Every structure is written in C-alpha cells, then in structure tokens.
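Single-structure report; data block below.
What follows is calculated from the coordinates using simple rules that are stated; it is not laboratory data. This structure is a prediction, so every number in the text was calculated from the model and none was measured. Cβ sites come from the backbone with ideal geometry, for glycine too, and all protein chains shown count toward neighbours.
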Amino acid sequence: MSDSQKIESAYQAAKERYAELGVDSDAAMARLAEIAISLHCWQGDDVGGFEVKEEGLDGGGIMATGAYPGKARTADELRADIEKALSLIPGSHRLNLHASYAETDRKVERNELEAKHFAAWIDWAKANGLGMDFNGTFFAHPKAETGFTLSSADESIRKFWVEHGIACRRIGAAMGKALGTPCVTNMWIPDGYKDIPIDRKGPRERLKKSLDEMFAEKADKTCLLDSVESKLFGIGSESYVVGSHEFYLGYAVANKTLLCLDTGHFHPTEVVSDKISAVMTFVDEILLHVSRPVRWDSDHVVILSDELKALAAELVRGDYLDRVHIGLDFFDASINRVAAWGIGTRCMIKALLMALLEPTKLLQETEDSGDFTTRLAMLEEIKTLPAGAVWDFYCTNQGVPAQEQWLKEVRDYEEEVTSLRS
Ligand code: RNT
Ligand code: ZN
C-alpha cells in the first residue's frame, strides 16, 4: 500500500468509529476548512520588524529568546518564509501584521504611517488569497521608553500614540477594503510600573481618554474590526499594568469593540477556555491570541495541550466560531522559525478538528441527566479516538504534507534558503 492508501484506509476505519458515536467526520473536515487562523508575521523575525529606526531598540517587555540561525532579515525574506509555512498548513488562512513591518525607504514616524507603506504586504496577501489583520506597535520606540504610551502623563507622548492608533485604524480599514474581508486591528500597549504605584487611577483615566480619541472615527465594520488586548503583567510592569483585563473588558463592553484574550495574559492557573462563554455574554466578537505560557507569559510555541483542546472545544460547543477571530501569538528564536509556525498552527487546527469530532450531543446528554460518571468516563474515552487518522486524511485532501512529512520540507527549505542567511 502507498502512504496515501494507508491514510485513506485508516480514515475509513476512523469514520466508522466516529459514526458509532453520532459524529460525521466528513462534515467535521468541511467545517474545519472554513476556519481561518491568523498567522502572526512576528514569529519569523523574533518581533524585529523592518522600520528604518535607531539600532538596539527593544523594550515593551516583549522578548524572544534563542539564536537559531536563519531569521528573516527583510520583508521579502519574511514573506517567502510565511509562504513556505502556509504550504505546510491545511486550509486557507490570514496574515497578522504589526505596524513595525512597514516598508519605507526613509524613516517614517509611527504617527505618520499610511496604507501605502504596507502596499507590498497587501499586494502579496491578495496574490496569495490571504485576508489580513493588523496591530499598532506601541513598543520598541524612543517614545515608549518611559514605559507609558497611551496612558502617558506627558501630553505630547500621549498624543503621538493616539495618532499612531488612528493611523493604524486607517491602515487596517484600507487592508480590509483591499482584500474584501474585515481587518481585525488590535491594540496592545505595554504601559505599567515595575514597582508599586501610588496612582493607579490616573493612567487608566488617561488610557480611556486616549482610546476614546483613537476610536472617535466610526469603523466601517465591513473593513475594520477594532480590538483591545489586556495583560496581567509584563517584564518591567510586574506591579501594575494600566490595560488590565477588567479595564479592557469594561471598555469593550461599553464601546462595542472586540476584546482580545491572549492565553498568556492571565495568572497561570486561570484559563481562557473558561473565559470565553463569560465574555461572549457581553461582547459580540473576540480575538484570541493563542500562545503557550510556560510558568509565565513566555510565548512558547503552541502545542496540542489540554488547554488548547479545551479552548477549541469551547468555540465549537458554544457555537462561537463565527464570532471568534483566532490569531496566534508565539515567538521562539531557539528553533527553526518556519517549523515553529508549522508546529503551532497545525496544532491549533488539529485542536479545532478534535473539537469538531467531539460527540458533544452524547456528552451533553450525560450531563443533562446528571450522570456525571458517564460524562467523566466518556471524556476519557474520547481522548484516544482516532482523530489522528482524520487529521492525516484532512492534510492529504488539502494538498499539504501529512504526518511528519511537513518537517522534511522545512529542512529542505532550511538547507536551500534560511541557513544561507547570515
Ligand atoms: C504582548 C502581547 C502582544 C504581542 C504582539 C507582538 O504581551 O501579547 O499581542 O505579543 O502584538
Ligand atoms: Zn498577544
């Protein structure tokens, strides 16, 4: 038997097993193919960006660790790497870009960015059939060095970042318009204090004012979806973060923006899978930043963890897929960067497949009848159902390498392309 025959016959056996539990695996694959994941550009160059700027500017508490060779040095290299990654990932997806990935021939200040500075990205997205999402970059900049941006007490700094936010919303809208699919434009700011503050109120009042100014121009939701991202703590903002969860939940509910939940932005014993049904009661749509916190907000590459499966299960069980935008937010500079996209994105899709293959009706009946013994027993049984056989078949059907074959393609690409970069 050839590999593809083996995959096909394993699938047929899996299909029968799922049918016994009342699950249609063909329908699960068809639904899965409709779900777009927003691939974050910043995995490819350790959140560096391509601005013409002063050397050595980090900051904002974002830190990629590792020195694996071959990171993209230019936007063209990054696009080539993303194309490679996409060729290994089943389905049709999106690109999530940061403002710091603008391509300009001279220094253009962040408050002066325009859609034309992203023309190459937009053209490329169009040619590759990708929707785009966008992010303001409120870090790694001289005007962010005090640790405060939109909540700064320095009016000229605050104004500058408000203007950046407004510029980003216009760019997002232009991307959405050009590509015919709304661009989720997300705003995360690093503002906060390393040590115990006296005034917790002032910065939050200023942040609200800044957001109101930024969002004053009404969004055309066919092109632009505004989103705000909270955080519990960051490097250098351990004691106080202005844009906390409560702050942005309140803001999103009051102002009808999207709320971004990053899986690394909560206390390690809190899980986003439990927050979805809570926040979805009050906001129309959310953005997920799927990441993997290891002991802290470490942005490790996403794996098929219990929490990832629980997250995907929530989206499917709650019928939330049309109200949730799934973005990835991890960066690892210690392994092959194209492989990192491959591992993380394939796991996200795999988790969604497993959720779509869940015999939810059957499980729900056990709960409704109060039979918690069967509920727990079945939850354990379904962990070893043949989802892998469906996944392999799905990959083959979508024309991407099944099983570990995808890694071989990364290795070939490494040999021919990324390893030659200095
Ligand atoms: C930082 C936030 C933010 C960034 C990206 C690069 O803690 O998670 O989303 O990771 O925008
Ligand atoms: Zn994030």
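State to the nearest 20 debye the size of the charge dipole of the chain about its Cα centre, where the only charges are +1 on K and R beta carbons and -1 on D and E beta carbons. Working shown, then result.
Numbers: 47 positive and 68 negative charges, 136 e Å.
That gives a dipole near 660 debye.
Compactness of the chain was expressed as the Cα radius of gyration divided by 2.2 N^0.38 Å, which yields 1.00. In order along the range 240-256, the Karplus-derived 3J(HN,Hα) couplings, from 6.51 cos²θ - 1.76 cosθ + 1.60 at θ = phi - 60°, round to 7, 10, 5, x, 7, 4, 4, 4, 6, 4, x, 5, 5, 5, 5, 10, 6 Hz, and Gly and Pro are given as x.
Only Cα pairs under 8 Å and 6+ residues apart enter the sum, and on that basis the relative contact order of the chain stands at 21 percent. Simple point charges give the picture: +1 on the Cβ of Lys and Arg, -1 on the Cβ of Asp and Glu, and for the range 309-390 a dipole about the Cα centre of about 420 debye.
Extension gain for residue 145 to residue 323 (0.36 nm times residue separation, less C-alpha to C-alpha distance): 60.5 nm.
Of the trypsin sites (Lys or Arg not before Pro) in the range 18-112, which ones lie in a loop per DSSP and count no more than 13 other C-beta atoms within 10 Å?
Numbers: sites: 31, 53, 71, 73, 79, 84, 94, 106, 107, 110; in loops: 53, 71, 73, 106, 107.
Passing both the DSSP loop test and the Cβ count: 73, 106, 107.
Set Lys and Arg Cβ to +1 and Asp and Glu Cβ to -1, take the dipole of the chain about its Cα centre, and tell me which of 310, 82, 273 lies farthest positive. It is 82, whose Cα lies furthest towards the positive end.
Here 158, 411 are placed in order of increasing Cβ neighbour count within 10 Å, fewest first, which gives 411, 158. For the range 158-174, list residues with backbone N below 20 Å from a point placed 7 Å from the Cα of residue 209 toward its Cβ? So the set is 158-167. Listed by chain and number, the aspartates and glutamates whose C-alpha is less than 19 Å from the C-alpha of residue 256, apart from same-chain residues fewer than 8 away, are 133, 205, 212, 213, 217, 220, 226, 229, 246, 284, 285, 322. With respect to the chain, whose longest principal axis is taken over its alpha-carbon atoms, helix 155-179 is tilted by about 40°. Distances between placed amide hydrogens fall under 5 Å for residue 192 paired with 242, all partners being 5 or more residues away or on another chain. Sites listed here are GluC sites (Glu not before Pro) in the range 321-422 whose DSSP assignment is loop and whose Cβ has at most 13 other Cβ atoms within 10 Å: 404.
Work through the residues other than residue 21 whose Cβ is under 15 Å from its Cβ and net out their charges, Lys, Arg +1 and Asp, Glu -1. Can you show the working numbers first?
Details: positive: 15, 17, 361, 375, 383; negative: 16, 20, 24, 26, 358, 365, 380, 381.
In short, -3.
Sorted fewest first by neighbouring Cβ atoms within 10 angstrom, 50, 330 come out as 50, 330. Taken over the range 140-190, the percentage of Cα pairs per 5 Å bin, counting from 0 up to the bin with the maximum distance, is 5, 21, 24, 19, 12, 11, 7, 2. The H on the amide N of residue 285, modeled in the peptide plane, is under 5 Å from the matching H of 259, each at least 5 residues off or on a different chain.
Measuring r between the beta carbons of residue 235 and residue 106 and using R0 = 41 Å, the FRET efficiency lands at 0.85.
Extension gain for residue 398-residue 335 works out to 20.1 nm (0.36 nm per residue, less the C-alpha to C-alpha distance).
The simple Förster model, with R0 at 56 Å and r as the Cβ-Cβ distance, assigns residue 217 and residue 422 a FRET efficiency of 0.80. Applying a DSSP loop filter and a limit of 11 other Cβ atoms within 10 Å to the trypsin sites (Lys or Arg not before Pro) in the range 282-332 leaves 295. Where both bridge residues fall in the chain, DSSP classifies roughly 10% of the beta bridges as antiparallel.
Using only Cα atoms and rounding to the nearest 10 degrees, what angle (0 to 90) does helix 75-86 make with the longest principal axis of the chain? For helix 75-86, the angle is close to 20 degrees. Which of the lysines could a cross-linker bridge to residue 15, judged by Cα under 28 Å and excluding same-chain residues fewer than eight apart? Answer for residue 15, where 28 Å is the Cα cut-off: 6, 309, 350, 361, 383, listed by chain and number. Taking amide hydrogens as placed 1.01 Å from N in the peptide plane, the amide H of residue 96 sits under 5 Å from those of 39, 40, 41, 133, each at least 5 positions away in sequence or on another chain. For the residue pairs 201/231; 71/408; 159/221, the alpha carbons lie more than 23 Å apart in 159/221.
Between helix 372-381 and the chain there is an angle of about 90 degrees, using the helix long axis and the longest principal axis of the Cα atoms. Subtracting the Cα-Cα distance of residue 253 and residue 65 from 0.36 nm times their residue separation leaves 64.1 nm of extension gain.
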